[in-house]
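So the structure is just underneath, and the comments pick up after that.
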Amino acid sequence: MSGVSVTKAADDAAPAADDLVVLSNVNKHFGALHVLQDIDLTIARGEVVVVIGPSGSGKSTLCRTINRLETIDSGAIAIDGKPLPQEGKELARLRADVGMVFQSFNLFAHKTVLENVTLGQIKVRKADKKAAEEKARTLLDRVGVGSQADKYPAQLSGGQQQRVAIARALAMDPKVMLFDEPTSALDPEMINEVLEAMQQLARDGMTMVVVTHEMGFARSAANRVVFMADGKIVEEATPDQFFSNPRSDRAKDFLSKILHH
Amino acid sequence: MNVLLDHLPEFRDGFIGTVLLTAASALLAMVLGVVMAGFRVSPVPPLRFFGAAWVTLFRNTPLTLLFLVAWFVVPAVFGTGMNPWTKALLALGFYTSAFVCEAVRSGVSTVPLGQAEAARSLGMTFSQTLRLIVLPQATRTVVPPLSSIFIALTKNSAIAGAFSVTELFGVQKLLSDKGFAIAPIFLWVALAYLVITFSISGLFRLLERRLEVAR
């Protein structure tokens, strides 16, 4: 795949200015299961990459390796030219630059919505409490949940919780945002409000890696679609190309199953 | 009745001794227990090993044996400057910390993994994640077992009496040596323990109710 040569260049010389996330030759096993097989993927600054594929294809795992919530067995991952360090203070610093939105929201259950969005700013970025609150309220307004600021996460709907989670990640001014199936745990009528917030973010030029089953979002917001199956990247293409004219049989099979009903 | 009224100062001193020793040991056990629980869930293998060794050692050693170690081994190694009360505090505190550690650790495991993942993905360090996100949410499940642990500690502190620390159970020996009838002495001592243990369970019930509301 073309990613290899780009990676090589990134390793040898100074990284190309707009390669933000570079995975090269990444392998990972869960016991006997080879979940990620020789993954090469380069994400440019400002790019929106949507990762799709059948369940168990390794796409969530791929997403989680980028901020090292999952460790890898071999290969290399670099963010903004810096290789991912071992667990510790340096990794924590790097994670602060990588926003993550989870399938199950994972809002801090014992903190109010506002505290959820200010906590990282205050404890990690050492921001002043007042400035952090101001910023949090701006972000909460932006994703349309400003009026819920003083409630606890459990008092919000799933869609609202996920939008708070997006605001919480944005509050750290991340260089890249990872979305790990952000709408899969939502009731159907709440999916759109979350996708709209994500679409807005994409329009604003945020670099995004989105693992999702929402083909509509892939079509409308992605610069590139990455199709994964059985731990491998099977196909990479623009959304138009991928959805209208998939090259691999695996992708054709996948699309025929999800698009025809 | 007469035994109690005639020897009120002894009973009072014993009661205060037990309360102070229990409270101090509980505090020490709490601090050590939480730190050890942190070690046991830490990503650093040597810390995990240390925490596990600590629990294994202090949970599986009879308390009386720990008292003997505090009385005869500790002075031989660290010098003889320690008074009996401090030695009793160390034996009780270290012993109880192993149980506190396991209660806290079981509480930690009830907090969904996603909470810690979210904290780490925001750039929090391991200790920030534990202090700010995981432990506060574990508190609710840890409170009921802690109540039992501290009640057991109260009763365990009676062993200190046999090592000439002034506390409730020692009063019994003091008075029965003087020839007073044993049954009423035991009755009053038992009632005094009941006052302390009931206070602890009441306090923890209150705490439980507070935490339920506060989420």
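The values are calculated or read from the model by the stated rules, or taken from the named source; none is laboratory data. In this text the structure is predicted, and so the values were computed from the model without any measurement. Note that we place each Cβ from the backbone using ideal geometry, even for glycine, and neighbour counts take in every protein chain shown. What goes into the accessible areas is simple: the full protein's heavy atoms, side chains included, and nothing from ligands, DNA or RNA. Shrake-Rupley method; radii C 1.70, N 1.55, O 1.52, S 1.80 Å.
Observations
So that you can scan it fast, the table gives a plain yes or no per residue for (1) within 14 Å of chain A (Cβ to nearest Cβ); (2) of a type outside the set (Asp, Glu); (3) without any contact (Cβ under 8 Å) to a residue 40 or more places away in the chain; (4) within 30 Å of A:Arg95 (Cβ to Cβ):
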site: B:Val3; (1), (2), (3), (4): no, yes, no, no
site: B:Pro9; (1), (2), (3), (4): no, yes, yes, no
site: B:Gly14; (1), (2), (3), (4): no, yes, no, no
site: B:Ser25; (1), (2), (3), (4): no, yes, no, no
site: B:Met30; (1), (2), (3), (4): no, yes, no, no
site: B:Arg40; (1), (2), (3), (4): no, yes, no, yes
site: B:Arg48; (1), (2), (3), (4): yes, yes, yes, yes
site: B:Phe58; (1), (2), (3), (4): no, yes, no, no
site: B:Val69; (1), (2), (3), (4): no, yes, yes, no
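- Top-ranked residue of region A:181-196 - restricted to ones that are buried (at least 23 other Cβ atoms within 10 Å of the Cβ) and out of contact with any Pro (no Cβ under 9 Å at 6 or more places or on another chain), ranked as farthest from A:Arg64 (Cα to Cα): A:Thr183
- Of the listed requirements (1) closer than 22 Å to B:Ala53 by Cβ; (2) of a type outside the set (D, E, K, R); (3) within 14 Å of chain A (Cβ to nearest Cβ); (4) open to solvent by 40 Å² or more (accessible area, probe 1.4 Å), B:Leu130 misses just one: (4).
- Residues of region A:236-251 classified as open to solvent by less than 100 Å² (accessible area, probe 1.4 Å) and within 18 Å of A:His213 (Cα to Cα), total: 10
- Among the residues examined, B:Leu89 qualifies as within 30 Å of B:Ala24 (Cβ to Cβ) and either at pLDDT below 95 or of a type in the set (A, V, I, L, M) (or both).
- Filtered residues of region B:54-103 (kept if open to solvent by less than 80 Å² (accessible area, probe 1.4 Å) and among the basic types (Lys, Arg)): B:Lys87
- Residues in region A:82-105 that are in contact with a strand residue (DSSP E or B) (Cβ under 9 Å, 6 or more places away or on another chain) and open to solvent by less than 40 Å² (accessible area, probe 1.4 Å): A:Leu84, A:Leu94, A:Asp97, A:Val98, A:Gly99, A:Met100, A:Val101, A:Phe102.
- Cβ-Cβ under 6 Å pairs, at least 6 apart or on other chains, region B:77-103 side free of Cβ contacts under 8 Å to residues at least 24 places away in the same chain, far side crowded, with 21+ Cβ neighbours inside 10 Å and not in a helix (DSSP H, G or I): none
Yes/no matrix, rows are residues, columns are (1) surrounded by 13 or more Cβ atoms within 10 Å (Cβ to Cβ); (2) farther than 26 Å from B:Phe99 by Cβ; (3) among the small types (Gly, Ala, Ser):
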| position | (1), (2), (3) |
| --- | --- |
| B:Ser157 | yes, no, yes |
| B:Ala160 | yes, no, yes |
| B:Phe163 | yes, no, no |
| B:Val171 | yes, yes, no |
| B:Ser176 | yes, yes, yes |
| B:Gly179 | no, yes, yes |
| B:Pro184 | yes, yes, no |
| B:Ala192 | yes, no, yes |
| B:Phe198 | no, no, no |
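- In region A:26-66, residue nearest to A:Val226 (Cα to Cα) [restricted to those that are acidic (Asp, Glu) and surrounded by fewer than 21 Cβ atoms within 10 Å (Cβ to Cβ)]: A:Asp40
- Restricting A:Thr207, A:Thr212 to residues that are at pLDDT below 95 and open to solvent by less than 10 Å² (accessible area, probe 1.4 Å) narrows the list to A:Thr212.
- Look at (1) under 19 Å from the mean Cα position of the chain (by Cα); (2) buried (at least 17 other Cβ atoms within 10 Å of the Cβ); (3) not in a loop (DSSP other than H, G, I, E, B) and you find that A:Gln199 fails only one, number (2).
- Any hit, region B:141-161, residues being at pLDDT below 90 and over 30 Å from B:Leu206 (Cβ atoms): no
- Failed criterion for B:Ala103 (all others in (1) in a loop (DSSP other than H, G, I, E, B); (2) more than 14 Å from chain A (Cβ to nearest Cβ) hold): (1)
- Scope region A:128-146; condition surrounded by fewer than 18 Cβ atoms within 10 Å (Cβ to Cβ) and out of contact with any Asp or Glu (no Cβ under 9 Å at 6 or more places or on another chain); matching residues: A:Asp128, A:Lys129, A:Lys130, A:Ala131, A:Glu134, A:Arg137, A:Thr138, A:Asp141, A:Arg142, A:Gly146
- For region A:91-112, the candidate set comprises residues that are more than 14 Å from the chain's Cα centre (by Cα) and within 7 Å of another protein chain (Cβ to nearest Cβ); within that set, the residue that is farthest from A:Arg64 (Cα to Cα) is A:His110.
- Taking each residue of region B:109-126 that is more than 8 Å from chain A (Cβ to nearest Cβ) and looking for partners that are of a type in the set (Val, Ile, Thr) and open to solvent by 30 Å² or more (accessible area, probe 1.4 Å) with beta-carbon atoms closer than 7 Å, six or more apart or interchain, yields B:Thr110/B:Thr141.
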